[in-house]
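Accompanying notes for the structure given below.
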Amino acid sequence: WLQFRTLDTDAFIVRRGPFLPGQNQWFQVDLDRSIPRLSHTATQVGSYLFVVGGHDGSRYSSDVLLLNLVTMNWETRKVYGVAPCPRGYHTTILFDSRLFLFGGYDGKSVYDDVYILDLSACAYLPQITCFSIDV
């Protein structure tokens, strides 16, 4: 199977075979353009790699970048809703066609919030931060 990672502006994949354990081979791949990113998350969803947030060398970002793993080209989508503050060092997980983003750091503040990106609508869902129940 394939594993993808980015290092500065270079992109690599590793090919691992079930018949050759421990004999991983890294290959550098050419992308259509260079997008520097560090302290981001990268989550594979089908034939896309969703790269969220991170630092581009000069500032933290809240961008959602899509790398098409078939064409190895970056693609853009309009993302609706209220995006999280720019950050890096966060976590994203995929569950039920949604990316859940938790926490992070922007160079000044540490975050412990949660954002949900609904992939079918390409929108961040509204967040309920407090509520009360009348009895």
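Laboratory data are not the source of any read-out in this text; all were calculated from the coordinates shown. As the structure is a prediction and not an experimental result, all values here were calculated from the model. Cβ: placed from backbone, ideal geometry, glycine included. Neighbour counts: every protein chain shown.
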Task: Phi to ³J(HN,Hα) by Karplus 6.51 cos²θ - 1.76 cosθ + 1.60 over region 84-101, Hz, x for Gly, Pro - done: x, 4, x, 6, x, 6, 9, 10, 10, 10, 9, 8, 6, 6, 9, 9, 9, 10
- [ ] Measure of size requested: the Rg and Dmax of the chain, with Cα atoms as the atom set and Å as the unit; please supply both.
- [x] 16.9, 63
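Does region 39-111 come out rounded, prolate or oblate by the C-alpha gyration tensor, with a ≥ b ≥ c the root eigenvalues, rounded set by a/c under 1.5 and, if not, prolate when a/b is larger than b/c and oblate if not?
Because a/c hits 1.5 or more and a/b exceeds b/c, region 39-111 counts as prolate.
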TODO: May I ask for the net charge around LEU117, where only other residues with Cβ less than 13 Å from the Cβ of LEU117 are counted and Lys, Arg are +1 while Asp, Glu are -1?
DONE: 0
- [ ] For region 120-133, take each phi angle, set θ = phi - 60°, evaluate the Karplus expression 6.51 cos²θ - 1.76 cosθ + 1.60, and give the result in whole Hz per residue in order, putting x for glycine and proline.
- [x] 5, 9, 6, 8, 6, 6, x, 9, 9, 9, 7, 7, 9, 10
